[in-house]
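First the structure, in the form of structure tokens, and then the observations on it.
Since every read-out is calculated from the coordinates, none of them should be taken as a lab result. These numbers were taken from a predicted model, which means no experiment stands behind them. Please note: Cβ atoms are built from the backbone with ideal geometry, for glycine as well, and neighbour counts cover all protein chains shown.
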Amino acid sequence: MANAVRKIGIVGAGITVAAALAAGSATSGLAQSGGNLHLAYHATLGGGRLDSGVDPLGIGPLSPGDSRVASTSPTWTTGTGTMELRITRPAGSVVGPVGAGLFATPVAFDQGSVFGLRATFTAPVGPHDPGSVWAVSVGARTGYQDDLPNEIRTAATLQVRGNGARLNVVGASPPSGLPNVPQAAYDVIFDPINPRPFTLELLVDRRSGIGEASLVFENWRFLHSFEPAVFQAHAGPGITSVAISIAISTTPGGTASVRARDLQIFALGP
């Protein structure tokens, strides 16, 4: 199994988002998008660096942000070539997930825009008890660096549910409902001694109203095409923030963390 590329949840036609977001320059995976996607931002996060050497969109450095909920103790810790994102769910009653992330904002991806996101992570750590739910994500939403619960969002996530994990798409209509990755793939990501890096990718085409999400690591590739519930071609608000983040939805008192390596943004070129 480990020597074969695995694909799940592919809907519709077109090349994969992994091909659409090829390094440096990319052609949209959907014929309706038109034009080319080019690398417009790349924050590598090593040594605590939050800015990008390429920034034609004029975004500036990434901004740390969180859900602004008391007793969540969000942290952003510099490592060797990574930055660890960490969040704790309060022991009391809290509605919805709490999270911490690094936000590229302001951006302007309105109706008619096409953009792609890619981020690589390693060493996700969190609860694996029955009923526990937490996630690592790359995504886009309204608002700015404060990750408030009433913001409208879409994201590609590695969602952990108990002792399983899957590619999930936040803001898809209908909900993605994808199965867990195979046990061998799960073991690779959560290896306690040598966890393998994994990459999440999100392509949002607000010309056609279609998006694609993928989870890629080693020889596995899980992909899903979806229709955004709100960020549509001719409806929905403008996207003003894109981010990498960690969030925990259950397990009062539980903590989740991940080491982020980078964030890339792809946008339409001339």
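Calculated FRET efficiency, Ser173 and Ala91, Cβ-Cβ r, R0 30 Å, to nearest 0.05? Once the sixth-power term is evaluated, E becomes 0.30.
By definition, a body whose alpha carbon gyration tensor gives a ≥ b ≥ c is rounded when a/c is under 1.5, and the chain falls into this rounded group.
Electrostatic tally near Phe266: other residues with Cβ closer than 10 Å to its Cβ, Lys and Arg +1, Asp and Glu -1, net 0.
The residues neighbouring Arg49, those whose beta-carbon lies less than 15 Å from its own, together hold a net charge of -2 under the Lys/Arg +1, Asp/Glu -1 convention.
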